[in-house]
Amino acid sequence: MKTSRRFQLLDIFYIIMMILPLAIGMVIQILTKPLSEGITLTGARIFFTIPMPLQDFYITESQINSLLVTVTILFFCLYMVHGLNERVQLKRQHFAELIVQSVDKLVVENMGEYFKGYAPFIIAMLALSAFSSLSSLIGLFPPTSDINVVGGWAILVFILITYYKMKCGPLYYLKSFTEPIALLAPINFLSEFATPISMSFRHYGNILSGTVISTLLAVGLSGLSSMILGWLPGVLGNISWLRVGIPAVLSIYFDVFSGCLQAFIFAMLTMMNVSGAFPMDEYFERKQKKQAKKQLA
Amino acid sequence: MQTLPIISVNIWDMLYALLNLLILFLLVKKFLYKPVKKMLANRQATIDNEYKNAEDAKEKALSDQKLYEEKLSHAEEEADSLIQSAVLSARSRESQILAEAKDQANGILRQAEANAQLELKKAEQTIREEIVSVGTVMAGKLLEREVNTDDHQKMIDSFLNNIGE
């Protein structure tokens, strides 16, 4: 397809804006990471602290990186939608259609027609989670390996779940705790909070475990390398040769596969929990009754 | 540089992540989901429209075809009947003309015959008169006497009648 000069320029702008945040993240990483640190396992590094009530608000790597990832996703979306046409003329349009239609289908299959509007939310969740996890591929601190980030998402899901449980009124919500028998009320109450916690810990733990194993492997391979190849003269002996290539193989599982899988699982659990929390039959029954009453009055 | 411990719970960081997800949701909805959905709906509408147009056109073509076929068969019938009636009228005209011609021919023949008869009679009359006069003169000369013309006339007439018979 022949495109105008303006179209091409805008395309280039979008691509630059897609790559720029990641490049900025890498530059920040290079500028702020102390060289002498060696191989250690720590949480996100704090750039600065904003004093807030209750707790200080730490601006850490995960906050910066998730912001950068968000900007990347935004421009990726803009790039895909750029030049959208009823008669397909650009390849990227197929990709955009694929994403939208497959997520639409997934949402309708798992949540039902009533929750059709959740498709963009699920797209955003999948994209943010997957891109955050995959950002470790270019050496950034993956925001998903910070419990606060995933916890924030889980709290949002918890709010949604509670909102749908409350749809039939607070009394119905409170009554639902005493089922099947009133004795189980404390356990039901606990399980309510177990959902977001288990969701966030699953995601965060999987990504962090990848980082931990990568670090352990790096330490182990360094030691092994200096043991086996330490006799090489000069600088050659100091280079840990075994760390070349071998971690990459494991990284395919721990970073790429696990990252995408956890994003999918998190989205799936969100769909299941939100749609499962909504007592649909009861809600429509009440609605009908209300309408009947209105008509009578 | 200071780092967070591996597990540390910070409500503001959580709130930040929550808002981040919400904002991304709105952005994705506005910049990816809505345009693609709109485009898909437009495409569906276009396709439906095209299909409808095609079907309409096909229906119209079929009905037109039927109409034309009907008209065509009617035309053939009409042509047949026209030819037949023309042939019939031509035939009747032909016989009429023939009869007229025959009549005329007969009339002419009869006229001619009558004329001829008339001429014949006239000629007979003249010849008879001539003969009478000639005979009278000759008889006068022969007998050397006056012959009564009237007697003579009767005689010759009977004679000629005998001859003419």
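From the list B:127, B:163, pick out the single residue that is assigned to a helix (DSSP H, G or I) and surrounded by fewer than 10 Cβ atoms within 10 Å (Cβ to Cβ).
Values: B:127 fails: surrounded by fewer than 10 Cβ atoms within 10 Å (Cβ to Cβ).
Exactly one of B:127, B:163 is assigned to a helix (DSSP H, G or I) and surrounded by fewer than 10 Cβ atoms within 10 Å (Cβ to Cβ), namely B:163.
Identify all residues within the stretch B:1-27 that are more than 7 Å from chain A (Cβ to nearest Cβ) and in contact with an Asp or Glu (Cβ under 9 Å, 6 or more places away or on another chain); write none if there are none.
Within the stretch B:1-27, none qualify.
Residue B:42 - would you say it is facing chain A (nearest Cβ under 7 Å), at pLDDT below 90 and over 13 Å from residue A:121 (Cα atoms)?
Details: facing chain A (nearest Cβ under 7 Å): yes; at pLDDT below 90: no; over 13 Å from residue A:121 (Cα atoms): yes.
Considered against the rule, which asks whether it is facing chain A (nearest Cβ under 7 Å), at pLDDT below 90 and over 13 Å from residue A:121 (Cα atoms), residue B:42 comes out as no.
Pull out all pairs, ordered by first then second residue, where Cβ-Cβ is under 9 Å, the residues are six or more apart or on different chains, the first lies in the stretch B:28-39 and is facing chain A (nearest Cβ under 7 Å), and the second is part of a helix (DSSP H, G or I) and of a type in the set (S, T, N, Q).
From the stretch B:28-39, the pairs are B:36/A:93; B:36/A:101; B:39/A:93.
Restricting attention to the stretch A:90-105, does a residue exist that is within 10 Å of another protein chain (Cβ to nearest Cβ), farther than 15 Å from residue B:20 by Cα and of a type in the set (Asp, Glu)?
Yes, some residue in the stretch A:90-105 is within 10 Å of another protein chain (Cβ to nearest Cβ), farther than 15 Å from residue B:20 by Cα and of a type in the set (Asp, Glu).
Output the residues belonging to the stretch B:1-36 that are assigned to a helix (DSSP H, G or I) and more than 23 Å from residue A:72 (Cβ to Cβ).
B:11, B:12
Check every one of the helices (runs of 4 or more DSSP H) wholly within the stretch A:183-297 and list those with 1 or more residues that are surrounded by 12 or more Cβ atoms within 10 Å (Cβ to Cβ) and within 17 Å of the chain's Cα centre (by Cα).
It comes to A:185-229, A:258-277.
When you look at residue B:120, is it at negative phi and either at pLDDT 80 or above or touching a strand residue (DSSP E or B) at 6+ places or on another chain (Cβ under 8 Å) (or both), yes or no?
Yes, satisfied.
Is there a residue in the stretch A:143-166 that is surrounded by 22 or more Cβ atoms within 10 Å (Cβ to Cβ), closer than 22 Å to residue A:20 by Cα and of a type outside the set (S, T, N, Q)?
Within the stretch A:143-166, one or more residues are surrounded by 22 or more Cβ atoms within 10 Å (Cβ to Cβ), closer than 22 Å to residue A:20 by Cα and of a type outside the set (S, T, N, Q).
Do we find that residue A:71 is within 19 Å of residue A:138 (Cβ to Cβ), under 18 Å from the mean Cα position of the chain (by Cα) and not polar (S, T, N, Q) in this structure?
yes
Can you name the residue in the stretch A:136-160 that is more than 14 Å from chain B (Cβ to nearest Cβ) and assigned to a helix (DSSP H, G or I) and, of all such residues, is farthest from the chain's Cα centre (by Cα)?
A:138
If residue A:43 satisfies all but one of (1) assigned to a loop (DSSP other than H, G, I, E, B); (2) under 24 Å from residue A:208 (Cβ atoms); (3) touching a helix residue (DSSP H, G or I) at 6+ places or on another chain (Cβ under 6 Å), what's the number of the condition it fails?
In the conditions (1) assigned to a loop (DSSP other than H, G, I, E, B); (2) under 24 Å from residue A:208 (Cβ atoms); (3) touching a helix residue (DSSP H, G or I) at 6+ places or on another chain (Cβ under 6 Å), residue A:43 misses (3) alone.
Pull up the stretch A:48-79, narrow it to residues that are within 19 Å of residue B:37 (Cβ to Cβ) and more than 7 Å from chain B (Cβ to nearest Cβ), then point me to the one that is surrounded by the most Cβ atoms within 10 Å (Cβ to Cβ).
The first filter runs over the stretch A:48-79 and keeps only residues within 19 Å of residue B:37 (Cβ to Cβ), leaving A:73-74, A:76-79.
Subsequent filtering for residues that are more than 7 Å from chain B (Cβ to nearest Cβ) retains A:76, A:79.
Values: A:76: 21, A:79: 18.
Ranking the candidates gives A:76 first.
The values are calculated or read from the model by the stated rules, or taken from the named source; none is laboratory data. Keep in mind that what you see is a predicted model, and the values were worked out from it rather than measured. For neighbour counting, all protein chains shown are included, and Cβ atoms are generated from backbone atoms with ideal geometry for every residue, glycine included.
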